[in-house]
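The values are calculated or read from the model by the stated rules, or taken from the named source; none is laboratory data. It should be emphasised that the depicted structure is a prediction, and the values quoted were computed from it without experimental measurement. So basically every Cβ, Gly included, is an ideal-geometry build from the backbone, and we count neighbours across all protein chains shown. To get the accessible areas, we keep the full protein, side chains included, count just its heavy atoms, and leave off ligands, DNA and RNA. Shrake-Rupley method; radii C 1.70, N 1.55, O 1.52, S 1.80 Å.
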Amino acid sequence: MTLSAFLFQALNGLSSASGLFLVAVGLSLIFGVTRIINIAHGSLYMLGTYIAYSIATRIGGGLGYWGAMIAAALAVGLIGALIEIVLLRRIYRAPELFQLLATFALVLVFNDAALYLWGPEDLLGPRAPGLRGAVEIFGRQLPSYDLFLIFVGPAVLLALHFALKGSRFGRLIRAATQDREMVGALGVNQAILFTCVFALGAALAGFGGALQLAREPASLSTDLVALSDAFVVVVVGGMGSLTGAYLAAVIIAEVKAICIGIGVFHIAGFTLNASKFTLVAEFLVMAIVLIARPYGLLGKRQGAVRTVAEPEEPIRPATPLLKVLAAIVLAVLVALPWLAQGSPYVLILGIDALIAVIFATSLHFIAGPGGMHSFGHAAYFGLGAYGAALLVKWLAVPMGVALLAAPVVALAGALLFGWFAVRLSGVYLAMLTLAFAQIVWATVFQWEELTGGSNGVIGIWPPPPFDKTSIYFLLTLALAVVAVLLLRRLLFAPFGYAMRAGRDNPLRAEAIGIDVKRVHWLAFAVAGAVCGVGGGLFAFAKGSISPETISVGRSIDGLVMVLLGGIQTLTGPIVGASFFAVLQDMVMRDTEYWRAMLGGIILVLVLAFPQGIVGAVVALFRKRRAS
């Protein structure tokens, strides 16, 4: 690549950086003040694109287009204010992950709302009036609109900088970012402050989405893509640092642009396509930055205490009543193949639910007692699934050997990724796990010769007698019971108590001789291996696997299962996974807009049972005993 081509690609990268910055800076402001991980931020970006499209195409002309940019930002800002007032204000005292669950429900609702209002097709907006031409730079044509975007990002950064430095509202935002409890103690109305900040962050997301209308169509898939990019930029730059967010956006956009510019190249006899690295470039950057600088480029160093989970009462053995209920449920499940002879689909749904139980209990093992929240747990599920499937496809090994290999492959990945992850805490740990999961996803997606790429691996069916649904259901049930009992046994062992001690107070745990990082690393390995068992079962249950097995959505589904049941109880992930699997299946079959219905149900459950379903039942029993 010549110098002129390199510089031209760098300019392209700067225009993309402005888009990344605009969606990320709003997320940074919201998290800095409210401490809410707003999963719906990408949906606000998507709504900005759709609203701008509707206004620009209806009015037309320069006034319609540029007015649509401002109107979209104001409309999305108003939506953000309503979200904060109606929903989030009610759950600020809830654990952070339950706030995440509520905003995830909004993602489902907004996606189906956009589907209803604008339809499933991508909508290509008009080109920007006055900026439809191109400018010749370095002998190449750079669109005038891209040149305009290069200056938008720095302009917004400077405007926010002076607003935060020179106004009382800005000083309150900076103070709340440092210590929001102290701001409240000084008499500041936190409710109004939080609403204004959430509205501002939402408006910036909407503005960023609207500005992209001339470059890309409005699409239903942009919500999760924008959310993923925003989180990466915020974490790489440092939580709460606006300058860091812009610096991170520039670095990530430039890396992508350079990869595209390099294209195909040859090294040591191998032909490589650098443009393929754009799928994972930002996650590689994030992983490298967090490993070298755990608090981001311009973020402030965090304290040593990992206060991700609230200290809770010691976990006690199951009561006699719970053991009886568990025995009854197990007996019903064992008899289900005979009870459901007239409804074979019940067994298929049961297999899905049991695999979900394995996934959720393994995630709960590190997220609840371990206090390490993972946004990339699907990586180990996918490693187990692909490990089993590829052994069957390429080596024709028996199903039993493949199922034994699944947790081993997942264990290897968990040991590698966990060694880096346990050195971080909070949202930085969660985002590093997401980075590793996306790296695994990109590898599977692009290594077509081995994994089949986007087509995946097909024809992975269980041999006799496990080809019968009833027999395979019993096999899945047996492995699920073993997985759950193994994790429970570890939690009641000294290892489990050491893990919870490191979660609640790592300084005291280290003082009494517990190697906290080593314990949490081993916990990561155990959780990954157990999750790999679920992945292996999934491969044979479906007969095929694809990169979707390792997608971000599956990791988020796992968190939803854990939180629905209750993260502070051992039974919670079992109940939550079963409830979510059955509910999702029922809702998907009943309506086209199943996401909105599922999101609405999740919102009701979050507001009614902030401790989760099992947590609410336990609290009710304790209240009755006390009275």
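Using only Cα atoms, find the angle between the long axis of helix 96-118 and the longest principal axis of the chain, and express it within 0 to 90 degrees, rounded to the nearest 10.
That helix lies at roughly 60 degrees to the long axis.
How big is D, in µm² s⁻¹, for the chain by Stokes-Einstein at 37 °C and 0.692 mPa s if Rh is the Kirkwood radius over C-alpha pairs?
128 µm²/s
Compute the FRET efficiency between A318 and R58 as 1/(1 + (r/R0)^6), taking r as their Cβ-Cβ distance and R0 = 60 Å, and round to the nearest 0.05.
The calculated FRET efficiency here is 0.45.
Identify, among I545, M586, P610, the residue whose Cα sits farthest towards the positive end of the charge dipole of segment 537-627, taking +1 on the Cβ of Lys and Arg and -1 on the Cβ of Asp and Glu, with the dipole about the Cα centre.
Positive-most Cα among the choices belongs to P610.
Where does helix 494-504 land angle-wise versus the long Cα axis of the chain, in degrees 0 to 90, nearest 10?
With rounding to tens, the tilt is 30 degrees.
Considering the Cα trace of segment 374-499, what is its radius of gyration and what is Dmax, both in angstroms?
Radius of gyration, then largest Cα-Cα span, for segment 374-499: 16.8, 46 Å.
Just order 455-463, 382-390 by mean Cβ neighbour count inside 10 Å, highest at the front, would you?
Sorting 455-463, 382-390 by mean packing, highest first, produces 382-390, 455-463.
For A626 and N505 in the same chain, what is the full-extension length gain: residue separation times 0.36 nm, less their Cα-Cα distance, in nm?
40.6 nm is the gain from fully extending A626 to N505.
Which whole-Hz ³J(HN,Hα) couplings does segment 338-353 yield from phi under the Karplus relation 6.51 cos²θ - 1.76 cosθ + 1.60, θ = phi - 60°, glycine and proline marked x?
In residue order, the calculated couplings are 8, 6, 10, 5, x, 9, x, 5, 4, 5, 4, 5, x, 4, 4, 5 Hz.
May I ask for the longest run of the chain untouched by trypsin sites (Lys or Arg not before Pro) that are loop-located per DSSP and have at most 10 neighbouring C-beta atoms (other than their own) within 10 Å?
In short, 302-627.
Taking N as the number of residues in segment 509-627, what is its Cα Rg relative to 2.2 N^0.38 Å?
Compared with the compact-globule rule of thumb, segment 509-627 sits at 1.33.
Please list 353-359, 3-9 highest first by mean number of surrounding beta-carbon atoms within 10 Å per residue.
Output ranking for 353-359, 3-9: 353-359, 3-9.
For E96, what accessible area in Å² do you get when you roll a 1.4 Å probe over the heavy atoms of the protein chains, rounding to the nearest 10?
E96 has an accessible surface of roughly 100 Å² with all protein chains in place.
In Å, the Kirkwood hydrodynamic radius of segment 545-610 over pairs of distinct alpha carbons?
Mean inverse Cα-Cα distance, inverted, gives 12.6 Å.
Could you tell me the center-to-center distance, by alpha carbons, between segment 28-72 and segment 573-627 in angstrom?
Comparing the Cα centres of segment 28-72 and segment 573-627, I get a distance of 31 Å.
If you put +1 on each Lys and Arg Cβ and -1 on each Asp and Glu Cβ, how big is the dipole of the chain around its Cα centre, in Debye rounded to 20?
So the dipole magnitude of the chain works out to roughly 1580 debye.
Of A102, F162, P129, which is farthest on the positive side of the dipole of segment 67-195, counting Cα position, with +1 on Lys and Arg Cβ, -1 on Asp and Glu Cβ, and the Cα centre as origin?
After comparing all options, I get F162.
To test your reading of the geometry: what angle, between 0 and 90 degrees and rounded to tens, separates the Cα axis of helix 144-166 from the longest principal axis of the chain?
The angle comes out near 80 degrees.
Please give the direction-averaged projected area of the C-alpha convex hull for segment 1-141, in square nanometres with one decimal.
11.2 nm²
Calculated from DSSP H runs of 4 or more alone, at -39500 (n - 2.57) each and per residue, what is the 222 nm mean residue ellipticity of the chain, nearest 500?
After summing the helix terms and dividing by residue count, I get -24500 deg cm²/dmol.
Normalised by the residues of the chain, what does the relative contact order come to in percent, with Cα pairs under 8 Å and at least six apart?
In percent, rounded to a whole number, it is 19.
Expressed in nm to one decimal, what extension gain is obtained for the pair H266 and R35 from 0.36 nm per residue of sequence separation less their Cα-Cα distance?
78.5 nm
Calculate, in nm to one decimal, what N273 and A327 gain on full extension: separation in residues at 0.36 nm each, minus their alpha carbon distance.
Extra length from N273 to A327 when fully extended: 13.9 nm.
List the relative contact order of segment 411-555 as a percent without decimals, with contacts defined as Cα pairs under 8 Å and 6+ residues apart.
This gives 44 percent for segment 411-555.
Can you give me the accessible area per residue for segment 399-477, using a 1.4 Å probe, in Å²?
Value for segment 399-477: 42 Å² per residue.
Would you mind checking K165/K276; K276/K393; K256/K393; K276/K300; K276/K517 for any pair whose Cα atoms are more than 31 angstrom apart?
K165/K276; K256/K393; K276/K300; K276/K517
How big is the gap, in Å, between the Cα center of segment 78-125 and the Cα center of segment 235-283?
The distance from the Cα centre of segment 78-125 to that of segment 235-283 comes to 30 Å.
Can you list residues from other chains, or at least 5 along the same chain, whose modelled amide H is less than 5 Å from the amide H of A134?
For A134, whose amide H was placed from the backbone, the distant partners under 5 Å are S144.
Under a crude label model (7 Å from the Cα following the beta-carbon direction), how far is L607 from D467 in nanometres?
5.2 nm
Once phi is turned into ³J(HN,Hα) by the Karplus curve 6.51 cos²θ - 1.76 cosθ + 1.60 with θ = phi - 60°, what whole-Hz value does each residue of segment 47-58 show in order, with x for glycine and proline?
4, x, 5, 5, 5, 4, 4, 4, 5, 5, 6, 6
In whole percent, how big is the carbon plus sulfur part of the accessible area of segment 128-224, probe 1.4 Å, protein atoms only?
Result for segment 128-224: 64 percent of the exposed heavy-atom area is carbon or sulfur.
Give the long-range amide H neighbours of S544: residues separated by 5 or more places, or on another chain, with amide H under 5 Å away, using H modelled in the peptide plane at 1.01 Å from N.
I460
Mind checking which lysines have their Cα closer than 19 Å to the Cα of K468? Skip sequence neighbours fewer than 8 apart in that chain.
K542
Check cross-link reach from K623 to the lysines: straight Cα distance under 23 Å, and skip same-chain residues fewer than eight apart.
K623 reaches K323.
Given a Förster distance of 25 Å, report the FRET efficiency between N455 and A396 from their Cβ-Cβ distance, rounded to the nearest 0.05.
0.80
Please give the FRET efficiency for S4 paired with V346, using the beta carbon to beta carbon distance and R0 = 60 Å, rounded to the nearest 0.05.
After rounding to 0.05, the efficiency reads 0.40.
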